[in-house]
Structures are given as C-alpha cells and as structure tokens.
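> Sending over a structure as structure tokens; questions will come in a sec.
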Amino acid sequence: MNAPEAEIQQTISDPRLQLAIYTATGRVMDLRAKVVSDEALPDYQALREEANAIKKHTIENLDHYLEQLESNVVAHGGNVIYCRTGQEAADFVLDLAKKRGVHMLVKSKSMTSEEIHFNERLEEHQLEAVETDFGEYILQLAHQRPYHIVAPALHLTRFDVADIFTKELGIEREEVIENQTKIARGVLRRKFLEAGMGVSGANFLVADSGAVVIVENEGNARLSTSAPKIHIAIAGIEKVIPRAQDLAVFLNLLGRSATGQPLTVYTSFLSGPRRGAEIDGPDEFYLLLLDNGRTKLLADPDKRQSLYCIRCGACLNHCPVYRKIGGHNYPWVYSGPIGAIITPQFHGITGDAWLPFASSLCGACAEVCPVKIDIPKVLLKLRAEVVEVQRREDSGGWERFAFQLFAWIATHPRIYLSLATLGSIFFPLVPHLGPLKKWASQRSVPEPAKQSFHQWWASRKPTS
Amino acid sequence: MTAREQILGDIRKALKGTAGQPALIEAASRSSSQQLPASLEQLPAPTLRIPRSDRNLYADLFGQKFENLGGKCFRVRNTSAVVPAIAELLTQKSAVASNSPFLRKCGITGLPQVHAGFTERDDLKEACASVDIGITSADYALAATGTLVMLSSPDEARLVSLLPPSHIAIFPRSHLLANLDELLSILPRPADQTSSMVLITGPSRTADIEQRLVRGVHGPGQIFAVIVDEE
C-alpha cells in the first residue's frame, strides 16, 4: 500500500494538531534530556550498553528463557498459555470467561492487546472489556486507536474529551480536565469493583522469577491486577528478561526515556496468584505468551534487534517524521520509527512498502533508544528488501530503463556532448517544470556552468 | 502440534546457526535445565549501582524526593510520636489500617476512626472503597527516588495503599535503602518472598490530556510518609 497522502496532508495542514504533537513530544524530549544528562545519570550510556547486551542475549536464547519463565510461573501457581495468534489469545479469554461466568473485564493499557484487536474480538461475543487508563478509556469511547505508544490520547484536547464524554456518557458538558478525570475515576471505580477479570499487558517478563512487571502512573494496572479474582497478562514473547536484577538496568532507563521520570509512579512485580494467607489479590493467574508474527523477526541477526524494543516511545518523540505526520497515519498500532521497522516485518514487506522510506535517516531514533536498536540500519535493510521485491516484480522497470538509457548515452560521446549542450541551455527551465516545480520551491537549484568542461578543453591554447 | 511446540520450534529454527546458539535444546533431550548451553554463560553478572553514602542522610534525601513528587513527609523520634504527628490528617476522616505489627506498635490500630484487622477480601475491599485514608507500613523505602516498597502479605494487603484517596505509610528509618539497585541486591528474586511487590513513587497521576498533570486519577492523589527514627 502507498502512503496515505491525503490523510498526511490533512494532518500537516491542521495547525491545532501540529501544535498538539509538537508540544507534547517536545515537552517529553526536554524532560528526558534532563534526567539522562551527565549530571543526573552519569552511567546512562553504560546502562544502554548493558540493556542492549541483555536483550541481545535473551533474544538469542529466547527458547531457553521462555521455558525458564514458564516453569517459574507454574511453580508460583500460575498458568502459561502460548498463543500463535490474537485469535488464540481471545479464544482463551472468552472460554475462561464463559467457564467462570464473567461478563465484564477491566483492562490496563497494553499495546499488545491493541495489536490483536483484543477488545473487539471479545465484544463480538458479548464480553465487555473496559479500558481503564484515562487516555485509553477516552479513546475506547471515541472508537479510536492510540496516537502514541505512551501517550495514547496525545492528539485530543479537553474540548474533544468534553465532546466525547457528552456524546458517549450522556452527561452534562464538562471542559475542565480535573473534572473530566474525576468523571472517569467514578465510572471506572465501579467497573474495577465489579469486574470478574483483570487483563494487563507486561513491560517485562522475568524468567528467573516467573514474574510480570508492569509500570504505570495512574494505578489502573494495580487495580486491574489486584481487585478482580482473575488476572490475565498478555505479553509478546520478546518481553522476557533473564533475571529480576536486570530490572536495575531496564527500570532505570524505561521511565526516563518514556516520560522523564526516574521511576514511574507504580512498578508492579507480580508472580502468580495470591499466596497462603494474603488477604487480597487474584485467585487465578494466567500469562498469555503471544507470538503473532514475532518469530518471523528472529531469523535475520540485524533485523532481530527490532524485538529489543521496550516501548518507551522516545524514538517517536524525537522523530521529525512522526512529529509532522502524527500517529494515525502509520498503518498499524505501532507508530514512529519503531513502527516503521516492525510493521513491514510483521505484515510482509510489500504490505506497507512506503514505511521504510518515510525517514530522513537522521538517526535521532537510534541516538535516544534506551536499548540501542540501530533503527536506521534496519530501515536500510528493509529498503533494500523492498527494492529487491519490486525489481523482481519489475515494477521498477522505468527506473531501470532510465539508467540503461543513461549508460548508453554516456558511452556514446557525440550523443552525450550534443545532449549536454542542449541540457545546459534548457536547465534553467527545470525549476519551472511539472513535478520539479514543487521540489525547487524549497531549494535553490544550482546554475549550470557557462562553459562545459569539454568546451573549455577544446578552447584551451597550448601554453608552450 | 500445540501452540507451545510450534512457537518454541519456530524460535529454534529461526535462531539455529545465527545466534551462537547450538540450537541444541530439543525439548526431549533437555532433561535437566541445570545443564546450561554454552551461549547462556555469555551473560555477564548483573551490575548493581549502589552509592556509598552516609545512611543517616537517607531520611533527608527520601523526604526531599518524596515531597518533590507531591507527597508530604514527616519525621518523628519514636513510635509514640506517630499518632500526634498525623492527628490532623485523621481529623473527621475515616481510615483503614493494614495488619502490620508496626502500625499496632505506633498505636494506629487503636484509634476510633481506624478500621483494622481485616482478614476477608470482600470486607477489606468494601472498607477500602469507602474510607478516606489507607494506612500501611512499608517494607522498604528508596531514598534516591522517594519510593515506597510494598510487599503483599497477610500483614499488608494490596488494596489499602490503592483504593482510598489518601495513603499514609509509616515505617522505621531502618527500612530506608539507597536506591532500586540496593533493593534488588537485598531481594534478588522478590517472587521468593511475595506474589506482589509494588514500588510507589509519588501520588497517582495522569497527564494524558494536554499534558496537564492531574493527581489521584485511580490510586491515591495524596500520599504521606512518616519515618520513625527509633523503632
């Protein structure tokens, strides 16, 4: 598919949206810069190196760590379910809900569940799934997908929220953000207390502990995982890390890179259902390990690093393309530079062939990535693959023809010379012609030399 | 083929020969996971960065960080000074206290407005959903980030620090650690101790709309710490 040019144009020419994207991402850029500075975190670069080494090692031994994780989850009384597809994950949850007589579940923010259209799949079968993150709750009411990995409702103003609440909740118009938050808290509080199940994502899966680690600021993940009697965590298989002590590296990077917080407000380290005489917490715990295409990213040693991502969103915030075109013009739930490298790998290179090209290769993403994913390198590799496929399909025929024609001209001096003379006469017209007009409107086009090298050479008089 | 077999099989096939992985580990031949493949030994030991500073400074540092986040920190000399220190917070308010023995020692559980001694989940849930304040101890506190560390146990339920709009954590000064890294050096595998360890760093907050910071969106919007110098 080609880039959605009309939609992109619309985003770019919407000054309110442009301001929203620029302010939100710019603010987080500043916050991040402060907390990873030399004074604030002298070991920042060392931490990145360590994070990269741990991720590389884990992904290269993924089978081992998944099995270790699995046996430790089971040892703590939890259950592990491997799911090849989103459908398998949804089917498991539907089946369990049916067995336990659950009609409503609460959900905390999870990109993995967005990826598999989890809520929609459940709702087809009359199982209500309520998003409880404030931003996600608003988006669910408005039937929109997240605009940003970390700040899902980055594109909405208080007035948009007022519209959505009035329309969907049937309440009086409320434009004050604090009050909007109170409204959501009230509605969702009842859901937390009534829900038969809580579904969360996972930021990390800890192999040596059989644990799920979730970071958040609102408390909705804590509520989703501790109020209902059943906790289900859905996570991609790449989320595993070997040891609890590795969290010293990852937690020191994640919050700082995502929102400029040394630690997010809540970090939950959960392993299995409640134990012994613990008063609250879930009676049942299920970990759904999702493939959904991830194993396809493993074979290539360069592209494999796409799976190191810890979803901090820093590459989005720093990307000149994301900051212009926003989140919804990317074809999948993962936007920005990380979306540009994982989407074509998940969906097939020809599906969204434009994505690897939607980059100036400025490298800002790689510079801020806490786990040091070399995004530009992967982009280039994917570009090469796109070109290769197009060459095979011969849709690049025109380009090839042009180069063959040039090769023929360049190897026939007389024709080359006469065309070059013609060229220097007509070249000044170039900036006024068809598609080049737009290109030249932003650039100064160099003027051709008064005399070509060949003319100069011919006119040169011998000096001796 | 089960989903498990297929996913693990696909991983092994994809990694074979490209990941320094002798890909070796066919499920059948893997009788004991004690026998680690050579590639696993390449993982260096975790690096924990624990600053060597004067432990006496931790309480001040914690207080400063905790208040920067929007909390309020009290320091009292001994357990008998706790109730007077927070009397004002409790005026005209209702509260639930956890079963922590330290709270009993501080005289919290005897206060008229404090409900305590819950052992049943539904009773606890209902109480926590209706009171103004949840009172707990804290298993550890991290000075570098102003963080409270709560391990779930029969003494400390999860919901007390979560459902009420305010949370007060009362703990002895000896529970203070330097930072997250020190916590992980003391608890290398938290799952051995508890099914739930939660780090609390500031009041519940959101900035989802127009980056406007709003406190108390789902968890407590007000948090208080009381550090007791002598146990």
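The values are calculated or read from the model by the stated rules, or taken from the named source; none is laboratory data. Because the structure is predicted, anything quoted here is derived from the model rather than measured. Virtual Cβ from ideal backbone geometry, glycine too; neighbours counted across all protein chains shown.
> Looking only at residues that are exposed (fewer than 13 other Cβ atoms within 10 Å of the Cβ) and either under 20 Å from the mean Cα position of the chain (by Cα) or aromatic (F, W, Y) (or both) in segment A:1-22, which one is modelled with the lowest pLDDT?
A:M1
> Further question on the same structure: With the requirement that a residue be crowded, with 23+ Cβ neighbours inside 10 Å and either in contact with a helix residue (DSSP H, G or I) (Cβ under 7 Å, 6 or more places away or on another chain) or of a type in the set (D, E, K, R) (or both), what does segment A:138-147 give you?
If the condition is that a residue be crowded, with 23+ Cβ neighbours inside 10 Å and either in contact with a helix residue (DSSP H, G or I) (Cβ under 7 Å, 6 or more places away or on another chain) or of a type in the set (D, E, K, R) (or both), then A:I138, A:P146 are the ones that fit.
> Being touching a residue at least 60 places away in the same chain (Cβ under 8 Å) and surrounded by 15 or more Cβ atoms within 10 Å (Cβ to Cβ) is the filter here, so list the residues in segment A:336-354 that pass it.
Listed by number, the residues that qualify are A:G336, A:I338, A:D352, A:A353, A:W354.
Residue-wise test of (1) under 30 Å from A:H148 (Cβ atoms); (2) part of a helix (DSSP H, G or I).
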site	(1), (2)
A:L316	yes, yes
A:A340	yes, yes
A:D352	yes, no
A:C365	yes, yes
A:L379	yes, yes
A:V389	no, yes
A:R400	no, yes
A:A407	no, yes
A:F426	no, yes
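> Right, another one. Which residue pairs have Cβ atoms under 6 Å apart, sit 6 or more places apart or on different chains, and have a first residue in segment B:1-23 that is at the interface with another protein chain (Cβ under 7 Å from one of its Cβ atoms) and a second that is loosely packed, with under 15 Cβ neighbours inside 10 Å and modelled with pLDDT under 95?
B:T18/A:P301
> Checking the condition within 7 Å of another protein chain (Cβ to nearest Cβ), in contact (Cβ under 8 Å) with a residue 24 or more places away in the chain, surrounded by 22 or more Cβ atoms within 10 Å (Cβ to Cβ) and not hydroxyl-bearing (S, T, Y), which residue from A:E238, A:E218 passes?
Within the list A:E238, A:E218, the selection yields A:E218.
> Given the condition within 18 Å of B:A157 (Cα to Cα), touching a helix residue (DSSP H, G or I) at 6+ places or on another chain (Cβ under 7 Å) and at the interface with chain A (Cβ under 9 Å from one of its Cβ atoms), answer yes or no: does some residue in segment B:177-189 qualify?
no
> A follow-up question, please. Out of the residues in segment A:184-206 meeting the condition of being surrounded by fewer than 24 Cβ atoms within 10 Å (Cβ to Cβ) and over 17 Å from A:D133 (Cβ atoms), tell me which one is nearest to the other protein chains (Cβ to nearest Cβ).
Looking at the filtered set, the residue picked out is A:L193.
> With the requirement that a residue be in a strand (DSSP E or B) and facing another protein chain (nearest Cβ under 10 Å), what does segment B:132-149 give you?
B:L142, B:T147, B:V149
Conditions tested, residue by residue: (1) in contact (Cβ under 8 Å) with a residue 24 or more places away in the chain; (2) under 28 Å from A:Y330 (Cα atoms); (3) surrounded by fewer than 14 Cβ atoms within 10 Å (Cβ to Cβ).
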{"site": "A:E88", "(1), (2), (3)": "no, yes, no"}
{"site": "A:V102", "(1), (2), (3)": "yes, no, no"}
{"site": "A:A129", "(1), (2), (3)": "yes, yes, no"}
{"site": "A:D160", "(1), (2), (3)": "no, yes, no"}
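> Suppose we keep only residues that are free of Cβ contacts under 8 Å to residues at least 12 places away in the same chain and in a loop (DSSP other than H, G, I, E, B) within segment B:192-231. Which one would you say is surrounded by the fewest Cβ atoms within 10 Å (Cβ to Cβ)?
So the residue we want is B:L213.
> List pairs: first residue in segment B:155-170 and under 8 Å from B:G134 (Cα atoms) and modelled with pLDDT under 95, second residue assigned to a helix (DSSP H, G or I) and acidic (D, E) anywhere in the structure, Cβ distance under 8 angstrom, at least six positions apart or on different chains.
As it stands, the answer is none, since no pair meets every condition given.
> Tell me which residues, restricted to segment A:27-41, are within 14 Å of chain B (Cβ to nearest Cβ) and either without any contact (Cβ under 8 Å) to a residue 24 or more places away in the chain or more than 26 Å from the chain's Cα centre (by Cα) (or both).
A:R27, A:A40
> Suppose the filter is at the interface with chain B (Cβ under 8 Å from one of its Cβ atoms), in contact (Cβ under 8 Å) with a residue 24 or more places away in the chain and under 29 Å from A:H103 (Cβ atoms); does A:T181 pass it?
Here the answer is yes, as A:T181 does meet what is asked.
> Being of a type outside the set (V, I, T), surrounded by 23 or more Cβ atoms within 10 Å (Cβ to Cβ) and more than 25 Å from A:A314 (Cα to Cα): is that true of A:S110 here?
no
> Within segment A:398-426, how many residues are at pLDDT 80 or above and under 45 Å from the mean Cα position of the chain (by Cα)?
Residues flagged as at pLDDT 80 or above and under 45 Å from the mean Cα position of the chain (by Cα) within segment A:398-426 amount to 7.
> In this structure, does A:D30 turn out to be in a helix (DSSP H, G or I), exposed (fewer than 14 other Cβ atoms within 10 Å of the Cβ) and modelled with pLDDT of 95 or more?
Judged against the criteria, A:D30 is a match.
> Oh, and also: Given the criteria among the aromatic types (F, W, Y), surrounded by fewer than 17 Cβ atoms within 10 Å (Cβ to Cβ) and under 25 Å from the mean Cα position of the chain (by Cα), does A:Y44 qualify?
When the stated conditions are applied, A:Y44 does not pass them.
> Okay, moving on. Testing A:L47 on (1) touching a helix residue (DSSP H, G or I) at 6+ places or on another chain (Cβ under 7 Å); (2) more than 14 Å from every other protein chain (Cβ to nearest Cβ), one condition comes back false. Which one is that?
Just one mismatch for A:L47, condition (2).
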